[in-house]
Amino acid sequence: MTTRVACLGDSLTRAQLSVDYLDLLERRHPPGDVRIARFGANGDFAHNLSRRLDAVVADPPDVITVLIGTNDARASLDGYPVERAMKRKQLPERPSADWFQQCLGAVVERLRTETDATIGLLSLPVLGQQLDGAAAQASLAYSRMIAEVATTNKATTYLPLHERQIEELRQADPPPIPYREPTPAAGIGVLVRHAVLRRSLDTISRRRGLVLTTDHIHQNSRGAALVAEVIDNWLPTRSA
């Protein structure tokens with residue numbers, strides 16, 4: 001039987017600026033083994049995700065993965081345009097760690113009570129590649145919050161993506177390139193290079209000296225493959 005999987009998240013799941021981990025996940029299975037639905041929205045915070053679950057619960061899948069919190073973590077960093085993000089994403093309050101946990105808990109609670117799906121919460125991809133830098137430490141801190149939410153809600157499983165990417169970065173021993181918060185213009189530039197100039201996202205990241213990402217946030221093939229791997233190592237499938 002086919003296992004229906006819904007992947008919830010932000011731009012990493014939307015996969016316009018990232019290599020598509022949903023596609024990589026599907027390729028890890030024989031044809032017809034899994035059917036994956038995408039519920040990703042660029043720039044989403046946990047609050048935004050909590051407001052757009054109707055489509056998920058209206059046709060409940062067998063499995064739900066949630067990869068959210070990168071933008072919440074970014075908002076804790078100096079230099080992040082919080083006011084602009086609040087206006088663009090219509091946030092009712094300023095992003096904070098407590099609010100993130102509340103919103104993620106609300107996501108889990110609704111999915112748990114209104115579906116019978118098996119739910120996996122992924123920790124965050126590493127922000128940047130300087131593991132002792134503020135960005136990477138923010139993604140670690142928010143990943144620990146995700147683990148706490150998963151522990152509190154017994155019906156969910158914590159999927160250790162952050163830990164897997166830390167392991168990969170330590171093995172790669174990448175150059176100490178400082179984290180830079182991408183601007184909207186930089187995002188458009190990546191889209192132009194990728195869609196118009198036909199440069200692969202991996203080429204873009206390689207030219208920038210980045211191991212897992214194109215811009216310290218969005219995943220290249222190596223980073224996206226780790227997302228697919230962590231999900232697939234946990235993914236419960238249905239027997240025919």
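Go through the stretch 131-151 residue by residue and tally those that are among the charged types (D, E, K, R) and in contact (Cβ under 8 Å) with a residue 40 or more places away in the chain.
Going through the stretch 131-151, the residues among the charged types (D, E, K, R) turn out to be 132, 144, 148.
Checking the rest, the ones that are also in contact (Cβ under 8 Å) with a residue 40 or more places away in the chain come to 148.
Looking only at that region, the number is 1.
Residues that are small (G, A, S) and buried (at least 21 other Cβ atoms within 10 Å of the Cβ) were ranked within the stretch 16-59; the one that is farthest from E93 (Cα to Cα) is S18.
Looking across the stretch 155-184 at every residue that is outside any helix (DSSP H, G or I) and without any contact (Cβ under 8 Å) to a residue 24 or more places away in the chain, the one that is surrounded by the most Cβ atoms within 10 Å (Cβ to Cβ) is identified as T183.
Scanning the stretch 59-83 for residues that are without any contact (Cβ under 8 Å) to a residue 24 or more places away in the chain and among the hydrophobic types (A, V, I, L, M, F, W, C) yields a single hit, V82.
If the requirement is being under 14 Å from Y158 (Cα atoms) and open to solvent by less than 50 Å² (accessible area, probe 1.4 Å), which of these qualifies: G105, G133, G128? Steps first, please.
Values: G133 fails: under 14 Å from Y158 (Cα atoms); G128 fails: under 14 Å from Y158 (Cα atoms).
The unique qualifying residue is G105.
For the stretch 136-154, enumerate the residues that are surrounded by 16 or more Cβ atoms within 10 Å (Cβ to Cβ), modelled with pLDDT of 95 or more and not hydrophobic (A, V, I, L, M, F, W, C).
Going through the stretch 136-154, the residues surrounded by 16 or more Cβ atoms within 10 Å (Cβ to Cβ) turn out to be 136-140, 142-143, 145-147, 149-150, 153.
Now drop any that are not modelled with pLDDT of 95 or more, which leaves 136-140, 142-143, 145-147, 149-150.
Correct list: Q137, S139, Y142, S143.
The values are calculated or read from the model by the stated rules, or taken from the named source; none is laboratory data. Note that the coordinates shown come from a computational prediction; the quantities given were computed from them, not determined experimentally. Virtual Cβ from ideal backbone geometry, glycine too; neighbours counted across all protein chains shown. These accessible areas exclude ligands, DNA and RNA; they are computed on the full protein's heavy atoms, side chains included. Shrake-Rupley method; radii C 1.70, N 1.55, O 1.52, S 1.80 Å.
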